[in-house]
Amino acid sequence: EEPNKLFPEMPFVSTKGGEGSSKVEGFLYRYKKGEEVRILCVCHGQFLSPAEFVKHGGGADVEHPLKHIVVNPFPLM
């Protein structure tokens, strides 16, 4: 099946820490109001918080990690 049919409610996301850091990609896991946002990391298959996802991409501790994550509704597969 096509990836967008398998994950219709999971937008594709990515982040890159800084110069020399590699780009990390994942899926924004569907969540309900009041629940913490989780991201499914493509490279390790682990669920991460936005802050953990930014760190995984080589970033530092940041006050607003969601501002460092790019959301793309369709994965480039």
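Every residue in the range 56-65 that is surrounded by fewer than 19 Cβ atoms within 10 Å (Cβ to Cβ) and closer than 17 Å to GLU19 by Cα, please.
Scanning the range 56-65 gives GLY58, ALA60, ASP61, VAL62.
Looking only at the range 28-71, which residues are of a type in the set (Val, Ile, Thr) and touching an Asp or Glu at 6+ places or on another chain (Cβ under 9 Å)?
ILE39, VAL42, VAL54
Return the residues of the range 13-52 that are in a strand (DSSP E or B), open to solvent by 30 Å² or more (accessible area, probe 1.4 Å) and in contact with a Pro (Cβ under 7 Å, 6 or more places away or on another chain); say none if nothing qualifies.
Hit for the range 13-52 is LEU28, nothing else.
List the pairs whose first member sits in the range 26-54 and is over 15 Å from ILE69 (Cα atoms), whose second member is surrounded by fewer than 11 Cβ atoms within 10 Å (Cβ to Cβ), and whose Cβ atoms are under 9 Å apart, counting only residues at least 6 apart or on separate chains?
Every condition considered, the pairs that remain are ARG30/GLU9.
So GLU1 ticks every box in (1) at pLDDT 70 or above; (2) more than 12 Å from the chain's Cα centre (by Cα); (3) among the acidic types (Asp, Glu) but one. Which box is left unticked?
The failed condition is (1).
The values are calculated or read from the model by the stated rules, or taken from the named source; none is laboratory data. These numbers come from a predicted model, not from an experiment. As a convention, Cβ positions derive from the backbone with ideal geometry for all residues, glycine included, and neighbour counts pool all protein chains shown. Accessible surface areas use protein heavy atoms only, side chains included; no ligands, DNA or RNA. Shrake-Rupley method; radii C 1.70, N 1.55, O 1.52, S 1.80 Å.
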